[in-house]
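Colleague: For reference, the structure I am asking about is given below.
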Amino acid sequence: MEGGSCDGGSGRNMDDHTQDYTLNGQVWRSDKTAAWQTSASAPTTITWSIAASNFAGEAYRFDGFLTGSPFVNAIRAAMDAWEAVAHIDLVESTDSNAVDIRIGYEAIDGRNGTLAQTVYWYARDTLIEAFIGFDTAEPWVSGTGAQGIDFYNVALHEIGHALGLGHDDHGGVMEPYYSAAARTLTADDIAGIVALYGEKPLALAETEEPQTEIVEPEPQVVVEPEPEQPANAQPAGPALPDDPGERAVHLLYDAAFDRTPDAGGLLFWANVLDGSDLISIAESMMTSSEFESLYGIDPEPRSFVAKLYENVLDRPGEAAGEAFWTGLLEAGAVTEAEVLVAFSGSEENVAGEAMQIIPIG
């Protein structure tokens, strides 16, 4: 979030005419999706931790740590809230680089800007790792009675992103702008998480109680990182088409050819998208002589990734980030087209902010 807004995924999904939610397109343990349908199946287990340090080789780096912070219980309570409504098991774990979701502080953009953001990496439809960073400059508070940003409120929102939900503009927890009143999951929020992981089996839903109680002490301001943005904040970024399909094509075209698409080219590929998908369009673009002049013919993975940083993000890649993407390509976990699409949709490409794959606030 940013001083009231956050960055999220795209693509509206409806569970009927009364429930609206947005999915980012990836889930944890995607191989378990077929098991949603039966209440007897095991829940999707997702581990999380309060980061205690940065680990070598990780592209994301925390700027501060919540260890011992009064806000840790707020995070536990927010995890409990999501777990209570879907067929998932959110397990607090000892911090390590093997944990799925790690949480800490990040120096994002100063006070009254982006309150927090979620950065995650994925291969195809499977989430690989996620990081939630609360802005170090925000006036964080516990509860709603003090002047400042309610940490629980923002944690609830960011955890939704880390589980696979995007922004939604129907007044729920996943609303892109911060609202102190958004402390309870709405029907839309619940419908979205259920679409990803299935319903909580009735027997469990009736017997399980949230494990963490939020104790609201006397109002006190603790200046620590925050999440979302103020209601009057405007998301940053270049002027892009309002239509989600045209927007995605615009970003992909710019990533593939390092230039803004002309009107005819944008319209052509947007029409192709109606009967295809971004990966297929990326594969087509990659066969063009213009693409080959930028990236080379059948480039080696390391060279291809270096060119993506240069052409898409307009900067050299950091060693950890290049190693991450090169490793996925060499292992056959992703294709070049999939990596091109990931870079094109990254927050840094969209808004010139820190590198992340579909970063959100």
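The values are calculated or read from the model by the stated rules, or taken from the named source; none is laboratory data. All figures in this text were calculated on a predicted structure; none of them were measured in a lab. Reconstructed Cβ throughout: ideal geometry from the backbone, glycine too, with neighbour counts over all protein chains shown.
Colleague: Taking the criterion of being surrounded by 17 or more Cβ atoms within 10 Å (Cβ to Cβ), in contact (Cβ under 8 Å) with a residue 24 or more places away in the chain and not in a loop (DSSP other than H, G, I, E, B), would at least one residue in segment 65-72 satisfy it?
Modeller: No, segment 65-72 has no match at all.
Colleague: Take the conditions closer than 30 Å to K200 by Cβ, within 20 Å of the chain's Cα centre (by Cα) and of a type in the set (D, E) and apply them to E106. Does it pass?
Modeller: No: the conditions fail for E106.
Colleague: Looking only at segment 177-198, count every residue that is in a loop (DSSP other than H, G, I, E, B) and either crowded, with 24+ Cβ neighbours inside 10 Å or among the basic types (K, R) (or both) and tell me the total.
Modeller: Final tally of qualifying residues: 2.
Colleague: Let me ask something else. In segment 262-271, is there at least one residue being closer than 19 Å to N349 by Cα and at pLDDT 85 or above?
Modeller: no
Colleague: (1) of a type outside the set (D, E); (2) within 18 Å of F62 (Cα to Cα); (3) free of Cβ contacts under 8 Å to residues at least 40 places away in the same chain: which one isn't true of A180, the others all being true?
Modeller: Status for A180: all satisfied but (2).
Colleague: Just for segment 289-314: of the residues that are outside any helix (DSSP H, G or I) and at pLDDT below 90, which one is surrounded by the fewest Cβ atoms within 10 Å (Cβ to Cβ)?
Modeller: Among those residues, the one meeting the criterion is D314.
Colleague: Could you go through segment 337-352 and let me know if any residue there is over 20 Å from the mean Cα position of the chain (by Cα) and of a type outside the set (G, A, S).
Modeller: no
Colleague: Considering each of R61, R12 in turn, give the residue that is among the basic types (K, R), modelled with pLDDT under 85 and surrounded by fewer than 17 Cβ atoms within 10 Å (Cβ to Cβ).
Modeller: Every option except R12 fails the conditions.
Colleague: Within segment 153-179, track down each residue that is among the hydroxyl-bearing types (S, T, Y), within 30 Å of D125 (Cβ to Cβ) and out of contact with any Ser or Thr (no Cβ under 7 Å at 6 or more places or on another chain).
Modeller: Y178
Colleague: Let me ask you something else. Is it the case, given these coordinates, that D168 is in contact with a Phe, Trp or Tyr (Cβ under 6 Å, 6 or more places away or on another chain) and either at pLDDT below 85 or not polar (S, T, N, Q) (or both)?
Modeller: The answer is yes for D168.
Colleague: Here's something else I'd like to know. Give E283, E353, E330, E322 a once-over and let me know the one that is in contact with a strand residue (DSSP E or B) (Cβ under 9 Å, 6 or more places away or on another chain) and either farther than 12 Å from A255 by Cβ or modelled with pLDDT under 90 (or both).
Modeller: Going through E283, E353, E330, E322 in turn, the sole match is E353.
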